[in-house]
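Enquirer: Supplied in structure tokens, the structure appears directly below.
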Amino acid sequence: MLRIEHLTKVYPNGTVALKDVSFQVQDGEFLAVIGLSGSGKSTLLRCINRLIEPTSGKIFWNDVDITAASSADMRNIRRQIGFIFQQFNLVKRSTVLTNVLSGRLGYTNPWASLVNYFSRVDHQRAVKNLERLGLEDKAHVRADSLSGGQQQRVGIARALMQEPKLILADEPVASLDPVLSHSILKYLEQLNKGDKMTVLCSLHFLDLVHRYATRAIALKAGELVFEGLPVEIDDARFKEIYGKEAERVSIV
Amino acid sequence: MSRPSSKNPNLAGLLALAVPGLGHLYLGLWTRGLVIFVTTLTLAYVVSWALESFKIALLALAGVNVSWLWAPFGAFWLWNVLDAYRRAQQRAAPRLWGFLLPALIVYVIAWQVTDVNLQRLVTRFGDAKIILSAIVQPDLFARDQVSQIGGAPIWVPCSEPPQPPLETGYSGYPVRLDKSCATVGETVTIFGEGFVPGATGNLHWLSFEGANEAQIRAGGQAVAVTVDPDGRFQQSFPVPTFAGLEGLDPQNPLLHSVEARFTQEVGAYHPSENFGDLIGKISQEPPPQVLVQLGLVSADALMPTPLLGDIFETIAIGLMATLFSIVIAVPISFLGAHNLMARVPGGNAIYYAARAIFNITRSIDTLIWGIIVVIWVGLGSFAGVIALTIHSVAALAKLFSEEIEHIDEGPVEAITATGGNLLQVIRYAVFPQIVPPFLAYALLRWDINMRAATVVGFVAGGGIGFFVIETVRKGGYAQYAAALWVVAIVIMAVDYLSARWRKQILEGETRISSEPPKAWYRTFKGWAYAVGLSIAFVVSWNLAQIDLRKMFDPGPTFGKVVSDFITIDTSPPVLAAVIKQLLITVFQALLATTLGAIVAIPFSFLAARNLMSRTRLSSAIYNVARFILNFLRSIEALLYVAIFVFWVGIGPFAGMLALAVTTFALIGKLFSEAIENIDAGPLEAVTATGATRIQTIMYAVIPQIIPPWISYAIYQWDINIRIATIIGLAGGAGIGLLFINYAGQLQYHKAGTVVLAIVIVVTLMDFVSAKIRQKLV
């Protein structure tokens, strides 16, 4: 279970990205995080695995306080949390296989990994994950030779190498076209329903939230303005979250 | 129609009249005002400097010496007034005059300071022909020469009665004369037999006892002798005045002799001695110690040993310097990367210091470093390696740190999120991003270092540069020409390989395969490369005479030299000399750029693939044009100086011409690429309006190529100033000559002043040219 308590983040330039945000996520949930660009979605997700240091507040993951963890503990916590990025964040010049294997770094001996040594088991795991995402024939090509959708699948395969219990996905489909969006989100749905991983996913389009999420929270200017089921977001709520001028658009 | 302005045109004009640029400042045109102010100040200084130091544009008016260049200067001042006045009315003065007037002043001075003497180019063309013919026939291959000499004695003058006939044919081949005695001016005929048919030779007169000799000439020409098909020859000639130098006393005749000498080339062409010096030869040498100790050969036996020539020494210098500079530049480049240093306490200060050191070191040419390094480790290839290494460490470190600053932060975030520690983040997120560009820059640097290695021998000794100075000093132009060819071939190959490998590295392999690539040690190719590289390393290490101990055992005066260099001499006479040579250098570079660019403009059309690929003839012309550019480009300006020193004499003019040749080659390539890169869209559009071909060129082609051309020309001027700082080392005058003079006289305080001046000018030009080019593009 993930519990966020009074989380606040103020950037050095004075921007308040998160203001006293508290909520809980039960194991096995698919929680959508919605809100305008700049509302604090990315900051929230990055605070959870401390890619960004929170200013105040606490985060509990299975009753362990993440915000108080030492850097060695943090390494252990991070490897249980997969992260999927909007811009994929692959090393473009490395091969797909190397990118996927790098998801295992939290488990490997740092010195062995410096000379690019990964165990046979890790290699088998990487191949299995690539097969699962339909990329088995791309293992030895450079990451930048793949299309956007394929690159995001490599990103998912890398996260799976961590054998995570929680997946944080920051706008995983915002850089992709609508058809690909569904294919990526279906993989996340599979991980959520089949592999029983908890998923926190920030999304732009409301109909994607309706389709995939079990629950949703909404941020507006760093504050939590909604917490509930996706169906509860009606037109009034929508305008409250996205502002008066917003129009609902749907995606195929 | 001018809009009413809140600014008063008269006031603007008045201010501009009082102080150039002030009118523009008043109108709020800051940059324009500042540029006008600085231009006026610079022009005023340069005009009075030119008058005082060189009596340029001297005009004696009523007993007062003034420069007539003050007239265009005044005109520029007035233009500034007009411009300020018009701009206050929202109009503009004609821009052209704002450029033309300063350009007129600068070119008049540059022309005279550089000592341009077009007449000499023509009157001494005969000298140039000697070099040009040497270039066409470089001394690389030769045939064996067989000489045949036959001589016969003769009395000078005749006694009374004449001496009896002499025994004929005292040496070599049988030769006889028709007379036993003769006096100066008398005609004698020489006969011979048994010579190689068809051979041509000369006749020589040998004085009493053969103490002196002279070639026999008639009518101002050497008397030539040709052998008949049956091996005989016969030739009449007048007895030269030379024969009478020892007296013409009939009482005391002296025995002289006449020789016919034939030199015949026989057999097949084989590598000449010069080939051996330049490229290499197999020579009989004592065996290596190892083989003697193993008892395989006896110590006094000789065995054929390959001896590599100067070009391999040059290649080794370039290779070792590149290797060393990569090893040093990689770690220190992290100090110059802002994104890394900002995270470390005190890092910002380190960052600025590192960047400043990189830039200063980079702005001093390799050859200047060479002169300093020679004091440290002594003459030789190793000094060349160190000089090249110093310069390229700074250049590479700057490029590397910029590359580190531009990495994508995404993967860093992603690897951190998987739980990787700092080492793993660097290994998996930073390393893969920076290795390919680092390798690409290293390969580019290899190319640059190879070029520098061909000239570093001018000051450091060793390599082709040293070979060139020696042969030129001895007047061996055929050998010099051979060196130019060898350099051109090697550098063209390096240029090609470096570009090709860079492309491969940056584009990478994108082949689709489900097979993992084999590790290098499992493939034959991998082993071949590894063994080849190891051998190249060991051979280069030896050829470049790397001796690291020397670095810790500097010459006894080195400490004092360094402290002298740092405590520079700023006394007025030294400053005046430095400024004078510096201005000559800048003007030299300006004229060379102008000259090179003017010649390159028509030529670049011939070297543009898109214009020249229509017919077979035009693509042949294209290939020839490209080859000429590549060939000329592969030889450093310093190597050309010898040609022009021989042609027009030592001085700034020779240096300028040498620079102009490299400018032509470099800029010709850039210009033609600019033509190749024009956008076809406007061409189509203008043609579609019904325009003629000339109109199309005027309206669609010219506007597209002018901005890049000007930008390239300014860039080239920047580069040329750097080269011009060293052109003096080979006789091309300018600041380099001053530096080598001061260094040669052990006046290191003054040499330090020169280096500081070079750093300032090069840095300033770098900045100004970058700013101007930014505005243009």
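Enquirer: Every residue in the range A:9-24 that is in contact (Cβ under 8 Å) with a residue 12 or more places away in the chain and either outside any strand (DSSP E or B) or in contact with a Pro (Cβ under 7 Å, 6 or more places away or on another chain) (or both), please. Full working, then the answer.
Expert: Within the range A:9-24, the first condition is being in contact (Cβ under 8 Å) with a residue 12 or more places away in the chain, and the residues that meet it are A:9-10, A:16-24.
Residue satisfying the conditions is A:9 alone.
Enquirer: Also, I was wondering about something else. Restricting to helices (runs of 4 or more DSSP H) lying wholly in the range A:74-143: which have 3 or more residues that are more than 7 Å from chain B (Cβ to nearest Cβ) and under 23 Å from the mean Cα position of the chain (by Cα)?
Expert: A:96-101, A:120-132
Enquirer: Taking the range B:611-623 as the region of interest, how many residues are surrounded by 12 or more Cβ atoms within 10 Å (Cβ to Cβ) and of a type outside the set (Gly, Ala, Ser)?
Expert: Adding up the residues that qualify gives 5.
Enquirer: Another one. Among the candidates B:326, B:317, B:311, which residue alone is in contact with a strand residue (DSSP E or B) (Cβ under 9 Å, 6 or more places away or on another chain) and at pLDDT 90 or above?
Expert: Every option except B:311 fails the conditions.
Enquirer: So, one more: May I ask you to list the residues in the range B:214-236 that are closer than 16 Å to residue B:150 by Cα, hydrophobic (A, V, I, L, M, F, W, C) and not in a loop (DSSP other than H, G, I, E, B)?
Expert: Result: B:214, B:224, B:225, B:233.
Enquirer: Further question: Kindly check whether there is at least one residue in the range B:443-458 that is among the hydroxyl-bearing types (Ser, Thr, Tyr), away from every other protein chain (no Cβ under 14 Å) and closer than 15 Å to residue B:315 by Cα.
Expert: yes
Enquirer: Separate question: Filter the range A:30-59 down to residues that are surrounded by fewer than 18 Cβ atoms within 10 Å (Cβ to Cβ) and within 21 Å of residue A:205 (Cβ to Cβ), then give me how many there are.
Expert: The qualifying residues number 3.
Enquirer: Whether any residue in the range A:149-163 is under 23 Å from residue B:433 (Cβ atoms), more than 20 Å from the chain's Cα centre (by Cα) and not in a strand (DSSP E or B) is what I want to check.
Expert: No: zero hits.
Enquirer: Among the residues of the range B:665-687, is there at least one that is closer than 30 Å to residue B:479 by Cβ, touching a Phe, Trp or Tyr at 6+ places or on another chain (Cβ under 7 Å) and part of a helix (DSSP H, G or I)? Spell out how you get there, then give the answer.
Expert: Keep residues of the range B:665-687 that are closer than 30 Å to residue B:479 by Cβ, which gives B:665-666, B:668-669.
Retained after the next criterion (residues that are touching a Phe, Trp or Tyr at 6+ places or on another chain (Cβ under 7 Å)): B:668.
Next, from what is left, pick out any that are part of a helix (DSSP H, G or I): B:668.
Checked the range B:665-687: at least one residue is closer than 30 Å to residue B:479 by Cβ, touching a Phe, Trp or Tyr at 6+ places or on another chain (Cβ under 7 Å) and part of a helix (DSSP H, G or I).
Enquirer: Since residue B:311 meets every condition but one in (1) crowded, with 17+ Cβ neighbours inside 10 Å; (2) within 30 Å of residue B:434 (Cα to Cα); (3) touching a residue at least 24 places away in the same chain (Cβ under 8 Å), which condition does it not meet?
Expert: The single condition residue B:311 does not satisfy is (2).
Enquirer: From the list A:174, A:218, exactly one residue is of a type in the set (Gly, Ala, Ser) and touching a strand residue (DSSP E or B) at 6+ places or on another chain (Cβ under 8 Å). Which is it?
Expert: Result: A:218 is the single residue among A:174, A:218 that is of a type in the set (Gly, Ala, Ser) and touching a strand residue (DSSP E or B) at 6+ places or on another chain (Cβ under 8 Å).
Enquirer: Could you list, in sequence order, the residues of the range B:584-627 that are touching a Ser or Thr at 6+ places or on another chain (Cβ under 8 Å), hydroxyl-bearing (Ser, Thr, Tyr), over 30 Å from residue B:737 (Cβ atoms) and in a helix (DSSP H, G or I)?
Expert: The answer is B:604, B:619, B:622.
Enquirer: From the set of residues in the range A:1-29 that are at negative phi and of a type in the set (Gly, Ala, Ser), which is surrounded by the fewest Cβ atoms within 10 Å (Cβ to Cβ)?
Expert: Checked the range A:1-29; the qualifying residue surrounded by the fewest Cβ atoms within 10 Å (Cβ to Cβ) is A:22.
Enquirer: Report those helices (runs of 4 or more DSSP H) wholly inside the range B:1-94 carrying at least 2 residues which are touching a Ser or Thr at 6+ places or on another chain (Cβ under 8 Å), closer than 22 Å to residue B:115 by Cα and without any contact (Cβ under 8 Å) to a residue 24 or more places away in the chain.
Expert: In the range B:1-94, B:30-54 are the helices (runs of 4 or more DSSP H) which contain 2 or more residues that are touching a Ser or Thr at 6+ places or on another chain (Cβ under 8 Å), closer than 22 Å to residue B:115 by Cα and without any contact (Cβ under 8 Å) to a residue 24 or more places away in the chain.
Enquirer: Considering every residue within the range B:513-524, establish whether at least one is surrounded by fewer than 16 Cβ atoms within 10 Å (Cβ to Cβ), farther than 30 Å from residue B:630 by Cβ, of a type outside the set (S, T, N, Q) and more than 14 Å from every other protein chain (Cβ to nearest Cβ).
Expert: Keep residues of the range B:513-524 that are surrounded by fewer than 16 Cβ atoms within 10 Å (Cβ to Cβ), which gives B:513-524.
Next cut, farther than 30 Å from residue B:630 by Cβ only: B:513-524.
Imposing the further condition that a residue be of a type outside the set (S, T, N, Q) reduces the set to B:515-522, B:524.
Remaining after also requiring more than 14 Å from every other protein chain (Cβ to nearest Cβ): B:522, B:524.
The answer is yes; a qualifying residue exists.
Enquirer: State whether one or more residues within the range B:358-381 are within 14 Å of chain A (Cβ to nearest Cβ) and polar (S, T, N, Q).
Expert: Within the range B:358-381, not a single residue is within 14 Å of chain A (Cβ to nearest Cβ) and polar (S, T, N, Q).
Enquirer: Any residue at all in the range A:113-135 that is closer than 16 Å to residue B:416 by Cα and aromatic (Phe, Trp, Tyr)?
Expert: Of all residues in the range A:113-135, those closer than 16 Å to residue B:416 by Cα come to A:113-114.
Narrowing further to those that are aromatic (Phe, Trp, Tyr): none.
No, there is no match, as no residue in the range A:113-135 is closer than 16 Å to residue B:416 by Cα and aromatic (Phe, Trp, Tyr).
Enquirer: Within the group B:429, B:417, which residue is touching a strand residue (DSSP E or B) at 6+ places or on another chain (Cβ under 7 Å), free of Cβ contacts under 8 Å to residues at least 24 places away in the same chain and among the aliphatic types (A, V, I, L, M)?
Expert: Result: B:417 is the single residue among B:429, B:417 that is touching a strand residue (DSSP E or B) at 6+ places or on another chain (Cβ under 7 Å), free of Cβ contacts under 8 Å to residues at least 24 places away in the same chain and among the aliphatic types (A, V, I, L, M).
Enquirer: Working only within the range B:22-48, note down all residues that are surrounded by 15 or more Cβ atoms within 10 Å (Cβ to Cβ) and farther than 24 Å from residue B:587 by Cβ.
Expert: Once the filter is applied, which keeps residues that are surrounded by 15 or more Cβ atoms within 10 Å (Cβ to Cβ) and farther than 24 Å from residue B:587 by Cβ, the range B:22-48 yields B:22, B:23, B:24, B:25, B:26, B:27, B:29, B:32, B:33.
Enquirer: Output the residue which, of all residues in the range A:160-189 that are of a type in the set (A, V, I, L, M, F, W, C) and over 23 Å from residue A:35 (Cβ atoms), is nearest to the other protein chains (Cβ to nearest Cβ).
Expert: Residue satisfying both the conditions and the ranking: A:161.
Enquirer: Okay, next question. Residue B:436 is checked against (1) crowded, with 20+ Cβ neighbours inside 10 Å; (2) farther than 16 Å from residue A:114 by Cβ; (3) within 9 Å of another protein chain (Cβ to nearest Cβ) and fails just one. What number does that condition carry?
Expert: Going through (1) crowded, with 20+ Cβ neighbours inside 10 Å; (2) farther than 16 Å from residue A:114 by Cβ; (3) within 9 Å of another protein chain (Cβ to nearest Cβ) one by one, residue B:436 breaks only (1).
Enquirer: Shifting gears a bit: Here are some conditions: (1) more than 26 Å from residue B:638 (Cβ to Cβ); (2) part of a helix (DSSP H, G or I); (3) away from every other protein chain (no Cβ under 14 Å); (4) of a type in the set (Val, Ile, Thr). Residue B:505 meets all but one. Which one does it not meet?
Expert: Residue B:505 satisfies every listed condition except (3).
Enquirer: Please state which one of B:263, B:314, B:322, B:305 is assigned to a helix (DSSP H, G or I) and more than 21 Å from residue B:362 (Cβ to Cβ).
Expert: Unique residue meeting the criteria: B:314.
Enquirer: Tell me, which residue of the range B:405-423 that is assigned to a loop (DSSP other than H, G, I, E, B) and within 7 Å of chain A (Cβ to nearest Cβ) is nearest to residue A:99 (Cα to Cα)?
Expert: The extreme case among them is B:418.
Enquirer: Take the residues in the range A:42-68 that are under 23 Å from residue A:160 (Cβ atoms) and in a loop (DSSP other than H, G, I, E, B); name whichever of them is farthest from the other protein chains (Cβ to nearest Cβ).
Expert: A:62
Enquirer: Then there is this: Based on what the data block shows, is residue B:462 at positive phi, within 12 Å of another protein chain (Cβ to nearest Cβ) and either surrounded by 19 or more Cβ atoms within 10 Å (Cβ to Cβ) or at pLDDT below 90 (or both)?
Expert: no
Enquirer: Pick out the one residue from A:93, A:125, A:120 that is modelled with pLDDT under 85, surrounded by fewer than 23 Cβ atoms within 10 Å (Cβ to Cβ) and of a type in the set (D, E, K, R). Before the answer, list the steps.
Expert: Working: A:125 fails: modelled with pLDDT under 85; A:120 fails: modelled with pLDDT under 85.
Result: A:93 is the single residue among A:93, A:125, A:120 that is modelled with pLDDT under 85, surrounded by fewer than 23 Cβ atoms within 10 Å (Cβ to Cβ) and of a type in the set (D, E, K, R).
Enquirer: Within the range B:121-130, can one find any residue that is in a loop (DSSP other than H, G, I, E, B), outside the structural domain of residue B:485 (by TED's automatic domain parsing) and without any contact (Cβ under 8 Å) to a residue 24 or more places away in the chain?
Expert: Keep residues of the range B:121-130 that are in a loop (DSSP other than H, G, I, E, B), which gives B:124.
Applying the additional criterion that residues be outside the structural domain of residue B:485 (by TED's automatic domain parsing) yields B:124.
Next, only the ones that are without any contact (Cβ under 8 Å) to a residue 24 or more places away in the chain stay: none.
No - not one qualifying residue is present in the range B:121-130.
The values are calculated or read from the model by the stated rules, or taken from the named source; none is laboratory data. For clarity, every value in this text was computed on a predicted model and none was experimentally measured. Quick reminder, even Gly has a Cβ in these numbers, built from the backbone with ideal geometry, and neighbours come from all protein chains shown.
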